[in-house]
Amino acid sequence: MRQFLQHHGEQILGVLNGFDRLRLRGSLRMFGAERGVVGWLHQAGIALKDFLRWAEGLTGQLRRRTEEDAKAAGRPVEYLAGKVDKEKYVAKIRAEHGVAKNGLVAVLSTLEMGTSYELHRYRDTDRCVLYRKPRKCLYYYYYWDDGRFGLTQVRLQSYFPFHVHVVLNGSSAEAGLAWPTEPTVEARASAAYGILQGCAGGLLLDERTDRVGHGRIVP
């Protein structure tokens, strides 16, 4: 943990201890507010009036990629229409079907509240304005047997700005996990940092987000 704090010291305000799993969230800061999105669209040569069509096109690509990759791994996407204990459901899938060759256990999709952008056009002036608003979004939950962390989860919003969460289940008691026995955030973060820095077989964030089809946002 000391190495982690030294490396990121300027960005850390404090350290908390707790009995919890480690959740890593990825997002692009410029897409966190309307001004940043509008500025990026301008630089990319995308007219604001075309934003919805462009964003929906990215969503379509992401969903097709997800469906294709999941099916190719023998784990077709399952849509959950209601409230389900996902971890128990995934444990049931794993017990019945095992783990795919690439480590994939299951891919679930469901509608949940998130944040995205809406385009409002003023008819009298034909002026377009972008608003950041809460809305229901389709989310994908990818479950992997990582080999070092055991069952890991990637939660991906399929709507722009495509927020992604990676969850490392530090409380997993599966055999063979190279995971610290100390039930503290510091111990888990320290172990995660070493693995994320490039240990063979570790859970690399760029690898995971690439594997779930998050890719890059391009015009």
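Rule-based calculations on the coordinates, nothing more; no lab input. Bear in mind the structure is a predicted one, so any value in this text is a computation, not a measurement. As a convention, Cβ positions derive from the backbone with ideal geometry for all residues, glycine included, and neighbour counts pool all protein chains shown.
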Could you list, in sequence order, the residues of segment 130-163 that are outside any loop (DSSP other than H, G, I, E, B) and among the basic types (Lys, Arg)?
Arg132, Lys133, Arg135, Lys136, Arg155
Near pairs, Cβ below 9 angstrom, 6+ apart or cross-chain, from segment 58-78 (in contact (Cβ under 8 Å) with a residue 24 or more places away in the chain and under 22 Å from Phe160 (Cα atoms)) to any residue that is basic (Lys, Arg) and surrounded by fewer than 16 Cβ atoms within 10 Å (Cβ to Cβ):
Val77/Lys71
Criterion (within 30 Å of Lys101 (Cβ to Cβ) and either in contact with a Lys or Arg (Cβ under 6 Å, 6 or more places away or on another chain) or in contact (Cβ under 8 Å) with a residue 24 or more places away in the chain (or both)) met by exactly one of Leu48, Leu22
Leu22
If we take segment 1-73, then helices (runs of 4 or more DSSP H) inside it with 1 or more residues that are over 30 Å from Tyr117 (Cα atoms) are 2-7, 51-72
